[in-house]
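Just below is one structure, and these are the notes that go with it.
A short reminder: the numbers here are calculations on the coordinates, not readings from a lab. Owing to the predicted nature of the structure, the values given are computational and were not obtained by experimental measurement. Don't worry about glycine lacking a Cβ; one is built from the backbone with ideal geometry, like all the others, and counts go over all protein chains shown.
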Amino acid sequence: MGIMSKILGGGGNRSVDDYVELDMDDFAEATAETGMTVHIAEIGDQRDVIPIKDAVYDGDFVIADITRHSTSDRTIEHIIDELRQVAQEVDGDIIQKGDDQIIITPTGVRVSRQKLS
């Protein structure tokens, strides 16, 4: 059985001519307008939090590098508290991955606390 036969469901009534070829430029444009974007950020100081908050409020996902700060640093504690509040406001999620990353998600996106095995 060929790949198109598998896609079309084997012995169904449809043929390749029944399907429309998608214009990937239109698809990419539509996805950019409505889809979620994953942003990579680096937190050096308090000013770096503003674009992260804006991205999460806009429905985007952010992975932020916090290697410039010790996890016992009062500045990073304040920043994490601020980002935790944003995640709570949008019904998203926030998790610290090791000592070097924070992941902040938008509305309805949860981060599993268990590793895939």
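Residues in the stretch 55-75 that are closer than 23 Å to residue 110 by Cβ and among the β-branched types (Val, Ile, Thr): 56, 62, 63, 66, 71.
Taking strands (runs of 3 or more DSSP E) as the structural unit, those lying wholly within the stretch 32-117 and holding at least 2 residues that are free of Cβ contacts under 8 Å to residues at least 40 places away in the same chain and not acidic (Asp, Glu) correspond to 38-42, 93-97.
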